[in-house]
Amino acid sequence: RGGLSGSGPAYVFMFIEALADGGVLKGLPRETARSLAAQLVYGSAKMVLENPDVHVAELRNRVESPGGTTIAGTYALEQGGLRSTVMSAVDAATKRAHELGKPEL
């Protein structure tokens, strides 16, 4: 258990927390925001698992309307470096797992 399978749940929990906090920022009650965030992560993961021949980016593209809200949000995530930050977290945790003698991802 290393940078992906061992540490990955913490990254997903942080993402759910951030989504929920964004909902609260925009006026949703905290429990509603938490539930919505968890359900959308669950549903999205289910779609990935049910469509193994479809690249994850294609699934994302399918919900991004030209000039719409989703593309505006994904653009903000790209500007903030979401993907490179997550990849760096996996890399750092994997390196630490190797140091601790646990080389699996």
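Worth pointing out:
- Among the listed values (i) 7.8; (ii) 9.4; (iii) 8.9, the one computed from these coordinates for mean projected area of the Cα convex hull in nm² is (i).
- 1.4 Å probe accessible area per residue over the stretch 10-63, in Å²: 79
- Against the chain, whose longest principal axis comes from its Cα atoms, helix 69-79 is set at around 30 degrees.
- Cα-based helix-to-principal-axis angle, 8-25 vs the chain, degrees rounded to 10: 30
- Charge dipole (Cα centre; +1 on Lys/Arg Cβ, -1 on Asp/Glu Cβ; no other charges) of the chain amounts to roughly 200 debye.
- Here the spin labels are modelled as points 7 Å beyond Cα on the Cα-Cβ line, and at A38 and Q79 they lie 3.2 nm apart.
- Length gained on full extension, K95 to N61: 9.0 nm, using 0.36 nm per residue less the C-alpha separation.
- In loop segments of the stretch 39-105 as defined by DSSP, there are no trypsin sites (Lys or Arg not before Pro) with at most 10 further C-beta atoms inside 10 Å of their C-beta.
- Proximal aspartates and glutamates to K26, defined as alpha-carbon separation beneath 17 angstrom and excluding residues fewer than eight positions away on the same chain: E17
- For the chain, with all protein chains in place and a probe radius of 1.4 Å, 63% of the accessible heavy-atom surface sits on carbon or sulfur.
- Degrees, to the nearest 10: 82-99 long Cα axis against longest axis of the chain: 20
- Over the chain, dividing the summed -39,500 (n - 2.57) contributions of all DSSP H runs of at least 4 residues by the number of residues returns a 222 nm mean residue ellipticity of -23500 deg cm²/dmol.
- From phi via Karplus (6.51, -1.76, 1.60), per-residue ³J(HN,Hα) for the stretch 56-67 in Hz, x at Gly/Pro: 4, 4, 5, 4, 4, 4, 5, 9, 9, 7, x, x
The values are calculated or read from the model by the stated rules, or taken from the named source; none is laboratory data. If you're wondering where the values come from, they're calculated on a predicted model, not measured in any experiment. Every residue, glycine among them, receives a Cβ derived from its backbone with ideal geometry; neighbour counts consider all protein chains shown. SASA here: full protein model, heavy atoms, side chains in, ligands and nucleic acids out. Shrake-Rupley method; radii C 1.70, N 1.55, O 1.52, S 1.80 Å.
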